[in-house]
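Only one structure is covered here, and it is reproduced in the block below.
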Amino acid sequence: MPFVTAGDGTEIFYKDWGSGRPVMFHHGWPLSSDDWDAQLLFLVQHGYRVIAHDRRGHGRSAQVGHGHDMDHYAADAAAVVAHLGLRDIVHVGHSTGGGEVARYVARHGAGRVAKAVLIGAVPPLMVQTESNPGGLPVEVFDGFREAVATNRSQFYLDLASGPFYGFNRPGADISQGVIQNWWRQGMTGSAQAHYEGIKAFSETDFTDDLRAIDVPTLIMHGDDDQIVAIADSAEMAVTLVKNARLKVYPGLSHGMCTVNADIINADLLDFIES
């Protein structure tokens, strides 16, 4: 399997399919690059080269006991980019991966990035602070940590079968395959990486990163996202990025890339080709 060695020696797994202009994908917590399969296959069929890596401690990447923070996540993505010699890249990030894209573009992307896409993304800041009163109380994330530490298997089943895909909504078209695939990806990763990653996605302030992004940026968010509320994320982020556009999806969930892949794929393609 293809791996690249990051600066601190961590082995990072990546997929590299197709040929043409490169589009690189950054996955959410606690998943892996497999969460992008619907987008990867679609874009390969439309003549693009797609790259997606497993974040350190997630999926098939090394389960190291250190570096579970956004600076390392972005540096690991940069190692993949450098290893493959990629330029003129469109970077696409979902949820935590949206934060990774913001940090990567701001700190490592000079001369390499063409466009950015943030989907259901966590920036600018999830946790409630004096300067971010609309954020979620830290007790919410403490609950996540407790669930990961005590019974993450059940926690992951509950997330996937409930709010992540909106399967807890009346009349939802529930897919057991989607639920099981989410659980499979989560359980493949390291409990320590997932536990420490909660702090990374919830307490990292991406305000300066967003202000530093100077490439065309599409922000995509479902207005029924129960994981990352649109009012405290996308609607704020679009005011911070110089050249950003927000597209809101009525009634769609945090997991819309999977359960509404046809809609998301068409809009991604339009933006990439624009």
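Go through S19, S253 and list them by solvent-accessible area, largest first, probe radius 1.4 Å. Don't jump to the answer; show the numbers that get you there.
On the way: S19 80, S253 10 Å².
The most accessible residue leads, giving S19, S253.
Under the rule of -39500 (n - 2.57) per DSSP H run of 4 or more residues, summed and divided by the residues of the chain, what mean residue ellipticity at 222 nm is obtained, to the nearest 500 deg cm²/dmol?
-12500 deg cm²/dmol
With an 8 Å cut-off on Cα pairs and a minimum separation of 6 or more residues, tell me the relative contact order of the chain in percent.
Rounded, it is 21 percent for the chain.
Given the options A149, A62, A237, state which has the largest fluctuation in a GNM of the chain using a 10 Å cut-off (strictly under) for Cα springs.
A149
Run the dipole for the stretch 57-142 about the Cα centre, Lys and Arg Cβ at +1, Asp and Glu Cβ at -1, nothing else charged, and hand back the magnitude in debye, nearest 20.
Roughly 500 debye, rounded to the nearest 20.
Probe 1.4 Å, all protein chains in place: accessible area of T188 in Å², nearest 10?
60
At 0.36 nm per residue, and after removing the present C-alpha to C-alpha distance, how many nm does the segment from R107 to Q154 gain when stretched out fully? Don't jump to the answer; show the numbers that get you there.
Numbers: separation 47, 0.36 × 47 = 16.92 nm, distance 3.68 nm.
So the chain would gain 13.2 nm between R107 and Q154.
Would you work out the charge dipole size for the chain about its Cα centre, treating the Cβ of every Lys and Arg as +1 and the Cβ of every Asp and Glu as -1, and quote it to the nearest 20 debye?
Value, rounded to 20: 660 debye.
Apply the Karplus curve 6.51 cos²θ - 1.76 cosθ + 1.60, θ = phi - 60°, to the phi angles in the stretch 230-238 and return the couplings in whole Hz, x for Gly and Pro.
Karplus-based 3J(HN,Hα) across the stretch 230-238 equals 4, 5, 9, 9, 4, 5, 8, 4, 5 Hz.
Amide H of K247 versus every other amide H placed in the peptide plane: which residues, excluding those fewer than 5 positions away on the same chain, fall under 5 Å?
Residues meeting the criterion, in which the H sits 1.01 Å from N, are I219, M220, H221.
Residue separation times 0.36 nm, minus the C-alpha to C-alpha distance between E235 and I263: what's the value?
Full-extension gain reported as 8.0 nm.
For the stretch 213-218, in order, what is each residue's ³J(HN,Hα) by Karplus, 6.51 cos²θ - 1.76 cosθ + 1.60 with θ = phi - 60°, in whole Hz (x at glycine and Pro)?
Couplings: 5, 10, 10, x, 10, 10 Hz.
Using a 1.4 angstrom probe on the protein heavy atoms only, line up T207, T239, T96 by accessible area, largest first.
Final ranking, largest accessible area leading: T239, T207, T96.
In Å, what Rg and Dmax follow from the Cα atoms of the chain?
16.9, 48
So if R0 is 41 Å, what FRET efficiency would E130 and R245 give, r being the distance between their Cβ atoms, rounded to the nearest 0.05? Walk me through the intermediate numbers first.
Numbers: r = 30 Å, r/R0 = 0.74.
Here the calculated transfer efficiency is 0.85.
Return the FRET efficiency for the residue pair R145, D214: r is the Cβ-Cβ distance, R0 is 41 Å, and the value is rounded to the nearest 0.05.
After rounding, the FRET efficiency stands at 0.70.
Distance between Cα centroids, the stretch 10-38 to the stretch 81-142: provide it in whole Å.
Between the Cα centre of the stretch 10-38 and that of the stretch 81-142, the gap is 15 Å.
Between T5 and A172, what is the label-point separation in nm under the 7 Å Cα-to-beta-carbon projection?
Computed distance between label sites A172 and T5 equals 4.4 nm.
How would L84, L136, L210 rank on accessible area, largest to smallest, probe 1.4 Å?
These residues rank, largest area first, as L136, L84, L210.
Modelled label-to-label distance, S19 and V44, 7 Å Cα→beta-carbon offset: nm?
Taking the two extended label points, one gets 1.5 nm.
With both partners inside the chain, how many of the DSSP beta bridges are antiparallel, as a percent to the nearest 5?
Numbers: 8 of 33 bridges.
Looking only at bridges with both residues in the chain, the antiparallel portion is about 25 percent.
Which cross-chain or sequence-distant (5 or more) residues have an amide H under 5 Å from the amide H of R21, H modelled 1.01 Å from N in plane?
R49
Considering the options V241, P216, G197, tell which one lies farthest towards the positive end of the dipole of the stretch 170-256, charges being +1 on Lys and Arg and -1 on Asp and Glu at the Cβ, about the Cα centre.
The Cα lying farthest towards the positive end belongs to P216.
Among H66, H27, H58, which one shows the highest mean-square fluctuation when the chain is modelled as a Gaussian network with alpha-carbon springs under 10 Å?
H66
Of D76, D208, D54, which is the most mobile in a GNM of the chain whose springs link Cα atoms less than 10 angstrom apart?
Residue with maximal mean-square fluctuation among D76, D208, D54: D208.
Hey, got the dipole for the stretch 136-267? About the Cα centre, +1 on K and R Cβ, -1 on D and E Cβ, debye to the nearest 20?
Roughly 300 debye, rounded to the nearest 20.
What residues have an amide H closer than 5 Å to that of G59, excluding those fewer than 5 places away on the same chain, when H is modeled at 1.01 Å from N in the peptide plane?
G189, S190
Can you work out the Karplus-derived ³J(HN,Hα) for every residue in the stretch 31-43? Use 6.51 cos²θ - 1.76 cosθ + 1.60 with θ = phi - 60°, whole Hz, and x for glycine or proline.
8, 8, 4, 4, 5, 9, 3, 4, 7, 4, 5, 4, 6
The values are calculated or read from the model by the stated rules, or taken from the named source; none is laboratory data. All values reported here derive from a predicted model rather than from experimental measurement. Virtual Cβ from ideal backbone geometry, glycine too; neighbours counted across all protein chains shown. The protein model used for the area step is the full one, side chains on, heavy atoms only, and it has no ligands, DNA or RNA in it. Shrake-Rupley method; radii C 1.70, N 1.55, O 1.52, S 1.80 Å.
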